[in-house]
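One structure is given here, and the rest of the page talks about it.
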Amino acid sequence: QERLKGFGKDSEFVAQHVHVIGAGVMGGDIAAWCALRGLTVTLQDQNLERIAPAIKRADALFRKKLREPLKVRAAFDRLIPDLAGAGVARADVVIEAIFENVEAKHALFKSLEPRMKPDAILASNTSSLKLEDLRTVLARPERLVGIHFFNPVAMMPLVEVVEAAGADPAAVRAACAFVKQIDKLPLPVKSAPGFLVNAVLAPYMLAAMRAVDEGVAPETVDEAMLAFGMPMGPIELADTVGLDIAMAAGKQLADGAVAPRCLTQRVEQGQLGKKSGQGFYTWT
Ligand code: NAD
């Protein structure tokens with residue numbers, strides 16, 4: 001952890017205002033975390049109905065972490081819903097966390113870039129798309145970096161800072177400095193499928209599910225890995241991440257290996273883990 005804290009030390013970059021686009025699972029929680037850490041945050045989505053659940057989660061986070069009503073109120077005031085995206089022009093960091101779709105991200109980047117401050121960070125939170133493909137529409141493609149948070153944002157200290165080939169080293173250093181500024185640990189990684197963490201995690205979770213296919217109970221697999229020292233078993237982790245997402249990641253990262261039966265069956269039946277109430281386990 002000490003080594004990770006060192007990344008970004010040589011950058012003078014300090015952010016005051018973050019603009020987040022996409023108020024879903026990730027964008028909403030990234031915005032809340034940045035507001036908790038003292039930054040002004042504008043949060044953009046397609047309509048207010050999409051932003052409302054993120055604000056509700058932020059409220060719960062602020063109350064839990066800050067306790068004092070005045071501090072909670074101040075954090076709340078720093079988090080500003082912004083349907084029109086007016087915050088883009090003032091932001092020091094712009095983080096894209098919209099649907100995982102190249103065309104959608106292209107259209108967004110085209111409209112963002114001309115409105116951004118010239119030295120602001122432009123970042124994508126993508127888990128699986130190549131930055132090299134996403135940046136083709138930019139006038140300054142070298143400025144795009146990956147700032148890849150993990151779910152749930154408030155609990156996961158590590159953030160991967162993704163450097164595509166030919167990226168501006170100053171932008172990567174500034175991104176590391178920003179991640180440190182919000183009290184997370186930046187891990188610089190190259191642009192590669194799964195970056196580092198998911199490239200390691202996906203085969204581990206799939207191997208656990210193959211054991212389930214072979215008749216081992218999910219609880220037994222999880223208990224074994226808990227006893228080994230993991231904070232959470234791999235099957236419970238898959239339920240937490242979402243089984244549809246675990247399946248997509250597995251497809252991308254498992255070198256064409258057939259997905260475990262226990263996983264495909266559940267996804268086909270709409271049993272997606274915690275978010276649907278049922279996965280390998282029942283969640284109430
Ligand atoms: P999500 O579906 O929960 O949220 C996406 C949000 O983006 C929606 O609210 C949608 O209305 C909004 N949106 C779509 N197009 C938009 C546009 N043009 N302008 C404004 N808002 C728009 O998705 P998510 O799970 O939060 O994932 C978002 C990104 O984060 C993806 O790139 C994904 O790969 C990445 N990511 C996801 C996870 C995860 O565990 N879910 C983890 C790390 C990274």
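Selection of the range 72-109 for residues being small (Gly, Ala, Ser), buried (at least 21 other Cβ atoms within 10 Å of the Cβ) and more than 10 Å from the ligand (Cβ to nearest atom) yields Ala75, Gly87, Ala91. Considering only the range 108-159, how many residues are basic (Lys, Arg) and under 18 Å from the mean Cα position of the chain (by Cα)? Result for the range 108-159: 1. From the list Glu219, Glu236, which residue is in contact with a Phe, Trp or Tyr (Cβ under 7 Å, 6 or more places away or on another chain) and either buried (at least 16 other Cβ atoms within 10 Å of the Cβ) or outside any loop (DSSP other than H, G, I, E, B) (or both)? Selected residue: Glu236, the only one of Glu219, Glu236 that is in contact with a Phe, Trp or Tyr (Cβ under 7 Å, 6 or more places away or on another chain) and either buried (at least 16 other Cβ atoms within 10 Å of the Cβ) or outside any loop (DSSP other than H, G, I, E, B) (or both). The residues of the range 34-66 that are of a type outside the set (D, E, K, R) and within 13 Å of the ligand (Cβ to nearest atom), listed by number, are Thr42, Leu43, Gln44, Gln46, Asn47, Leu48, Ile51, Ala52, Pro53, Ala54, Ile55. Of the residues Ala139, Ala171, Ala123, Ala164, the single one that is exposed (fewer than 15 other Cβ atoms within 10 Å of the Cβ) and either of a type outside the set (Val, Ile, Thr) or within 14 Å of the ligand (Cβ to nearest atom) (or both) is Ala139.
We did not get these values from a lab; they are worked out from the coordinates using the rules stated. Please read these numbers as outputs of a predicted model, since none were measured by experiment. Methodologically, a virtual Cβ is constructed for each residue, glycine included, from the backbone with ideal geometry; neighbour enumeration extends over all protein chains shown.
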